[in-house]
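Q: To start, I am sharing the structure in question, which I have written as structure tokens.
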Ligand SMILES: [Zn+2]
């Protein structure tokens, strides 16, 4: 068995400037159903009431896919996903020491106990839980397995191994999953990012190493350089690996048309919009600890240029969203002073 998890509507929409309208989102769910995608990561209910209304419409439109809501490890966020009617709840926590120490400012033990607590709550609400291991590609395999054991004991049904900063290459992917697949108590999903143009190659290597689920987005949109491209991955699986995914390709052009049209739009800010806040917090972590979200150390980049680039990005983001830059910087300062626990 091998299945795709499409995250165009979640990770894809987190691309700067990409915004899908409500009708487009519903149409995308129908298209993904017709294409034959097994799993749709539909969005983040914690983003607000307006988003929750759209997500409920998407759930109604869905005919065949497992619909997943993405959540931080926060009971309030999970509650919103359950109220929306999601059967599958994805809960994400970082597993690398980089992210645990610099982004969360916590310890490995804290991560495990938070996972336990949130799984207990989510399971008691009757939902099926998928657990995300952020920045897994820079974690210690033994800790990833401890995290997976905790997830399995808490009733999770799958674990996502995220190459959050896109620092893997196909040989490393093969070596990693050959070591992990047999020892991991849960089926693994590989979630690759495309910072060095390797996301599709890495996803193919994950499949060839026995990983049964791979995340993709239409046209490869996603945070920073994007995710593994659905269209390229499906093509590579069929033409190179001789493992056709039996997708109905007739609906792909319309899907990619919607995605292309959604670029460089303004994001509506709903009073204290959480998505903007999330973008800002990620920005703050990047300014202070650029290595948490990018592979910079190896390149020995000039630190000042890097910081400058981030501030320019924030200015652009502020302009794009019509959000006052001063308020953005004020919030950044707040996060810098008090830690960035929510910067997930
Ligand atoms: Zn991602």
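Rule-based calculations on the coordinates, nothing more; no lab input. Computed from a prediction, not measured in an experiment: that's the story for all the values here. Backbone-built Cβ (ideal geometry, glycine too); neighbour counts: all protein chains shown.
Q: Of the beta bridges DSSP finds with both residues in region 1-149, what % are antiparallel, to the nearest 5?
A: Of those bridges, close to 0 percent are antiparallel.
Q: Quickly work out the residue 260-to-residue 224 label distance, labels modelled 7 Å from Cα along the C-beta direction, and quote it in nm with one decimal.
A: 2.7 nm
Q: A follow-up question, please. If packing is taken as the mean number of other Cβ atoms within 10 Å per residue, what is the order of 155-163, 104-112, highest first? Could you put the intermediate results ahead of the total?
A: Working: 155-163: 22.8, 104-112: 16.0.
Put in order of decreasing packing, that is 155-163, 104-112.
Q: If packing is taken as the mean number of other Cβ atoms within 10 Å per residue, what is the order of 55-62, 209-216, 180-187, highest first?
A: 209-216, 55-62, 180-187
Q: Would you kindly state how much longer the chain becomes between residue 128 and residue 63 on full extension, computed as 0.36 nm times their sequence separation minus their alpha carbon distance, in nm to one decimal?
A: On the way: separation 65, 0.36 × 65 = 23.40 nm, distance 1.83 nm.
In short, 21.6 nm is gained.
Q: Antiparallel versus total DSSP beta bridges in region 3-261: what percent is that, nearest 5? Please list the in-between numbers first.
A: Values: 1 of 35 bridges.
The answer is about 5 percent antiparallel.
Q: Highest first, please rank the peptides 131-139, 23-31, 253-261 by the mean number of other Cβ atoms sitting within 10 Å of their residues.
A: Ranked from most to least packed, the peptides come out as 131-139, 23-31, 253-261.
Q: Distance between the C-alpha centers of region 44-101 and region 151-184? Whole Å please.
A: Using only Cα atoms, the two centres lie 21 Å from each other.
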